[in-house]
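Please read the structure below before turning to the comments.
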Amino acid sequence: MYEQEKINPYDQAGDKKQLVAAMFDHIAPTYDTLNHRMSWNIDRYWRKKSIQQLLDSKPERILDIATGTGDFAILAAKMLQPKSVIGADISEGMMNIARQKVEKEGLQDIITFQQEDCKTLSFDDNSFDAVTSSFGIRNFADLDKSLTEICRVLKPGGKLSIVELSHPTSFPLKQLFKVYSHVMLPIYGQLISKEKGANKYLRKTIEAFPQGEQMTAILQKAGFNEVTFKRMTFGICTMYIARK
């Protein structure tokens, strides 16, 4: 079992799920600007590469976990042409923005959203052809249980596609990224979101989250097979592909 470091927003004690939900509700209005600008819009490329891994399987029913403001769900609907996409998240504030985007895109008949705790998903076994997640699984309160639940609701043979922020492991990029994430990102993030505590939390979760071979082993223990990963943009982001 993966021994997960407990990191709470604002360094507060309490239930992590509730604290994370409250934090994302609060930063929801500036989240997209923060995400795109702090990654120089490369996050759009990372999402597209992740969705491309599902093109061959032609999924008809997709679950987007930790959907946030819905960018990944919308991209999946456009690129994969499924019958339905369900975006699940603990933050209603984030999903309210996602609903506005979906309405603007005219995708209300395909994409819906509902509040879910990843440790105890409400969906039946073998419900989805594919599950996706972008930049959200590092916020799970219990990574092992959440991944086991994701595996449960995925159909046999179905694919999981994840993109998550990570940190470079080789010199000198590792050292340069540390300086950037500890000095520049907090300043830049506070200018956009005015949330010093939230920015500190997000940086800590990137540093603590398992990556590469360690994350591959965690996915395998959760019930996934054919697990592969690919580091992108010098290791700042990592894509994981797995099959049930």
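A few comments on the model shown:
- Net charge of Cβ neighbours under 15 Å - reference PRO59; Lys, Arg +1; Asp, Glu -1: +4
- Computed from the C-beta positions of ASP15 and ALA208, the FRET efficiency with R₀ = 30 Å rounds to 0.95.
- Exceeding the 27 Å Cα-Cα cut-off - candidates LYS101/LYS174; LYS119/LYS204; LYS200/LYS244: LYS101/LYS174; LYS200/LYS244
- Accessible solvent surface per residue of region 10-144, calculated while the other protein chains remain in place, 1.4 angstrom probe, Å²: 45 Å²
The values are calculated or read from the model by the stated rules, or taken from the named source; none is laboratory data. This one's a predicted model, so the numbers in the text were calculated from it and none came from an experiment. Using ideal geometry, Cβ is built from the backbone for each residue, glycine included, and neighbour counts are taken over all protein chains shown. Remember, those area values only see protein heavy atoms, side chains included, never the ligands or the DNA or RNA. Shrake-Rupley method; radii C 1.70, N 1.55, O 1.52, S 1.80 Å.
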